[in-house]
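A.B. asks: First, the structure itself, so that you have it in front of you.
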Amino acid sequence: MKKIFCLCPVLALLMLLNSCMSFRTIFQEPKVTFDSVKILKIDFTSASMIFRYKIDNPNSASLELAQFRYGFFIENNEFISGISPAPVKIAKEAESFVEIPVTVEYSKLFDILHDIYAKDTASYKITADFTFNLPVFGKASFPVKHEGSFPVLKLPSVSFESFKAVTITPFSALLELSLKVTNKNSFAISPDSFNFDLSVNKSQWMKGMLKNVSEMPPGKSSIVKIPVEINPIKIGKELFDYIFKGSPFDLLIDGNIAVRTSYPGIGNADIPFRVEKKTSVSE
């Protein structure tokens, strides 16, 4: 009787092991693979992408994806990381998909990686770790890594070039304001309109729009010339005389450039700009 009694735990263990082995032959682990990446939106300020992962569950019962963690690296520097907010149910005997959205703001990117400003593309790596609650086996993790590249677009810069007098009389003056626009991208930009609001010493002088602005070649600067006509009645004789004595004044130009590009996914865009300069009218 003692021998039989002693064998009971052993038999129970063997039965449990046999049960686990039987379950293992029936149950199959899910398979997680990277499926695709798609650029949802791109402009001169940011790029939004979505990374898609395929989960193949061959079992006759649904599974629970407890969570997934991810890290997005640019030029081997971690830029974004995150974790799923809630468990996800994975359908039985089917392929399910999980998507991870990532947005890269160029201003933050340039602050962190200064050298990348000179590049047209940046390399990235996204690591994702999917953790499942599996029956009998408990938690199990499945890491997936994907590498690629994305475009780095730069806002064209607008800077002060000159403010010259063309003709001056006691009753009016025709000036020419020149702004330098630099296209730092590898593709041309075609302006549809150049809108501006010009103020001098906090007094608005004029508001207008230029058409037929020349195309901005890739990697080069262009000069945009704005004719400015003023008279002492409009701005005041005291300010009129002050400016044409060669005295320095505060110049402020706010505006935006409506542009078209051939770059895929951008099409039309509005590029805001602001130029502040302490200057004087030159002849």
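The values are calculated or read from the model by the stated rules, or taken from the named source; none is laboratory data. Values in this document were obtained by computation on a predicted structure and should not be read as measured data. Using ideal geometry, Cβ is built from the backbone for each residue, glycine included, and neighbour counts are taken over all protein chains shown.
A.B. asks: Pick out the one residue from Ala94, Ala118, Ala128 that is small (Gly, Ala, Ser), surrounded by 13 or more Cβ atoms within 10 Å (Cβ to Cβ) and on the phi < 0 side of the Ramachandran plot.
C.D. replies: After ruling out the rest, the residue left standing is Ala128.
A.B. asks: Can I ask one more? Return the pair list, or none, for Cβ contacts closer than 6 Å from residues in segment 188-210 that are closer than 22 Å to Ile235 by Cα to residues that are among the polar types (S, T, N, Q) and in a strand (DSSP E or B), at least 6 apart or on different chains.
C.D. replies: Asn195/Asn256; Met209/Ser193; Met209/Asn195
A.B. asks: Quick check on my filter: what residues within segment 161-189 are of a type outside the set (Asp, Glu), farther than 24 Å from Ala118 by Cβ and assigned to a strand (DSSP E or B)?
C.D. replies: The answer is Ser162, Phe163, Lys164, Ala165, Val166, Thr167, Ile168, Ala173, Leu174, Leu175, Leu177, Ser178.
A.B. asks: Looking at segment 253-283, which of its residues are of a type in the set (A, V, I, L, M, F, W, C) and surrounded by fewer than 17 Cβ atoms within 10 Å (Cβ to Cβ)? Please lay out each step first, then the result.
C.D. replies: At the first step, the residues of segment 253-283 found to be of a type in the set (A, V, I, L, M, F, W, C) are 253, 257-259, 266, 269, 271, 273, 275, 281.
The answer is Ala258, and nothing else.
A.B. asks: How many of the residues making up segment 55-78 are under 30 Å from Leu153 (Cβ atoms), touching a residue at least 40 places away in the same chain (Cβ under 8 Å) and touching a strand residue (DSSP E or B) at 6+ places or on another chain (Cβ under 7 Å)?
C.D. replies: Adding up the residues that qualify gives 8.
A.B. asks: For Phe150, state whether it is assigned to a strand (DSSP E or B) and over 25 Å from Asn57 (Cβ atoms).
C.D. replies: yes
A.B. asks: If you go through segment 185-198 one residue at a time, do you hit one that is surrounded by fewer than 17 Cβ atoms within 10 Å (Cβ to Cβ), farther than 30 Å from Asp120 by Cα and touching a helix residue (DSSP H, G or I) at 6+ places or on another chain (Cβ under 8 Å)?
C.D. replies: no
A.B. asks: For segment 67-84, what are the residues that are crowded, with 16+ Cβ neighbours inside 10 Å, touching a Lys or Arg at 6+ places or on another chain (Cβ under 9 Å), under 24 Å from Phe132 (Cβ atoms) and modelled with pLDDT of 95 or more?
C.D. replies: Phe72, the sole residue that qualifies.
A.B. asks: Please go through segment 160-183 and pick out each residue that is farther than 14 Å from Val224 by Cβ and surrounded by 17 or more Cβ atoms within 10 Å (Cβ to Cβ).
C.D. replies: Across segment 160-183, the qualifying residues are Ala173, Leu175.
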